[in-house]
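The block underneath contains the structure these notes are about, expressed in structure tokens.
Throughout, read-outs are computed from the coordinates displayed, never taken from laboratory work. Small disclaimer: the values here were computed from a predicted structure and weren't measured. Here Cβ is always computed from backbone atoms with ideal geometry, including for glycine, and neighbour counts include all displayed protein chains.
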Amino acid sequence: MTGAQALTTLYGANYKFTDNSYNLVGFSPRSFNSFEEAAIEGSNSRIFAGIHYRKSCNDGLAQGKKIVQNINSQLKFKK
């Protein structure tokens with residue numbers, strides 16, 4: 001989520017995009033309405049695969065947001 005939150009800070013909360021990363025191996029493109037939506041889907045995929053528990057994913061999403069908020073409060077970026 002840290003990456004998604006950082007990108008949201010730069011491009012806005014409603015930045016729509018399509019991920020074509022896995023086209024070469026036969027997967028269809030995935031479209032998202034925001035970076036947060038993509039992060040949540042990634043988090044859910046870890047739960048469905050049995051890699052993580054829901055609580056750890058939810059905590060990770062929350063911590064990612066806090067990390068970026070802390071960085072943004074300390075650094076001022078030019079846009």
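Which ones in the stretch 8-29 are under 30 Å from I67 (Cβ atoms) and part of a loop (DSSP other than H, G, I, E, B)?
Correct list: G12, A13, N14, Y15, K16, N20, S21, Y22, F27, P29.
Looking only at the stretch 1-31, count how many residues are over 30 Å from K76 (Cβ atoms) and of a type in the set (A, V, I, L, M, F, W, C).
Matching residues across the stretch 1-31 total 3.
Within the stretch 30-44, which residues are among the hydroxyl-bearing types (S, T, Y) and either surrounded by 16 or more Cβ atoms within 10 Å (Cβ to Cβ) or in a helix (DSSP H, G or I) (or both)?
Within the stretch 30-44, S34, S43 meet the criteria.
Sort out which residues of the stretch 45-79 are farther than 16 Å from G3 by Cα and surrounded by 11 or more Cβ atoms within 10 Å (Cβ to Cβ), and write them in order of number.
Listed by number, the residues that qualify are S45, R46, I47, H52, Y53, R54, S56.
Name the single residue, out of those in the stretch 32-79 being closer than 24 Å to F17 by Cα and aromatic (F, W, Y), that is nearest to the chain's Cα centre (by Cα).
Ranking the qualifying residues of the stretch 32-79, first place goes to F35.
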